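To start, the structure under review is shown below, and the notes come after it.
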Amino acid sequence: MTNFEDFTEKQWRERLDPQSFAVLRLRGTEPPFSGEYTDTETEGVYSCKACGAELFRSQEKFHSHCGWPSFFSPLAGDRIIEREDLSHGMRRVEVLCARCKSHLGHVFEGEGYDTPTDLRYCINSVCLTLEPTETEA
């Protein structure tokens, strides 16, 4: 298995397109309502664009109208890392891929969404790839 934690900046730049690199590796944010997966309702599994780790399922995705794909739970608790983020004069919780330590977005609690967890994992589309569930024809 590839040890993504040992990748150099050059290797990441070769692996990722410039916008994905800026968000995943430099902790950026894509503009709201610009991402490919913001409003998609395709069923499937969302994986980390940097390393391919499966992170979220479409069943946990919901429309939060915040401008980024939102999920109320990760696929499994060990797929992500949460850490305090005090950047930009705010106190937030950053979400990272547990496998490659790439920035995915942030998680917010107690915003009143009608979800089982009352959490909103606000994830940048450029950090994800979607593998649609195969459906019978």
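The values are calculated or read from the model by the stated rules, or taken from the named source; none is laboratory data. Note that the coordinates shown come from a computational prediction; the quantities given were computed from them, not determined experimentally. Every residue, glycine as well, gets a Cβ built from its backbone with ideal geometry; the counts of neighbours run over all protein chains shown. With ligands, DNA and RNA removed, areas are computed over all heavy atoms of the protein, side chains included. Shrake-Rupley method; radii C 1.70, N 1.55, O 1.52, S 1.80 Å.
[x] 14, 42, 27, 13, 4, 0; [y] 12, 35, 32, 18, 4, 0; [z] 12, 44, 35, 8, 1, 0: which one is P(r) over Cα pairs in 10 Å bins from 0, in percent as calculated from this entry? Computed from these coordinates, P(r) over Cα pairs in 10 Å bins from 0, in percent corresponds to label [z].
Suppose accessible area is computed on protein heavy atoms with a 1.4 Å probe; arrange HIS103, HIS88 from highest to lowest. Can you show the working numbers first?
Working: HIS103 5, HIS88 155 Å².
Highest to lowest solvent-accessible surface, that is HIS88, HIS103.
With +1 on the Cβ of every Lys and Arg and -1 on the Cβ of every Asp and Glu, and nothing else charged, how large is the dipole of the chain about its Cα centre, in debye rounded to the nearest 20? Don't skip to the end; give the middle numbers.
Numbers: 15 positive and 24 negative charges, 126 e Å.
Dipole magnitude for the chain comes out near 600 debye.
Per residue of the chain, what 222 nm ellipticity follows from adding -39500 (n - 2.57) for every DSSP H run with n ≥ 4, rounded to the nearest 500? Don't jump to the answer; show the numbers that get you there.
On the way: 2 runs with 14 residues, N = 137.
My calculation for the chain gives -2500 deg cm²/dmol from helical runs alone.
With label points built 7 Å along Cα→Cβ from the Cα atoms of GLN19 and PHE33, find their separation and express it in nm. Result for the modelled spin labels: 1.6 nm.
For segment 49-122, the set of trypsin sites (Lys or Arg not before Pro) satisfying both a DSSP loop assignment and a count of at most 14 other C-beta atoms within 10 Å is given as ARG91. If R0 equals 35 Å, the separation of the Cβ atoms of ARG83 and THR42 corresponds to a calculated FRET efficiency of about 0.70. Given their separation in residues at 0.36 nm each and the Cα-Cα distance between them, GLU131 and PHE62 gain 23.1 nm when the chain is fully extended.
Judged by a Cβ-Cβ distance under 4.7 Å, the unpaired cysteines of the chain are CYS66, CYS122, CYS127. Whenever you get a sec, compute what percent of the accessible area on the chain sits on carbon and sulfur atoms (1.4 Å probe). The nonpolar share, carbon plus sulfur, comes to 47 percent.
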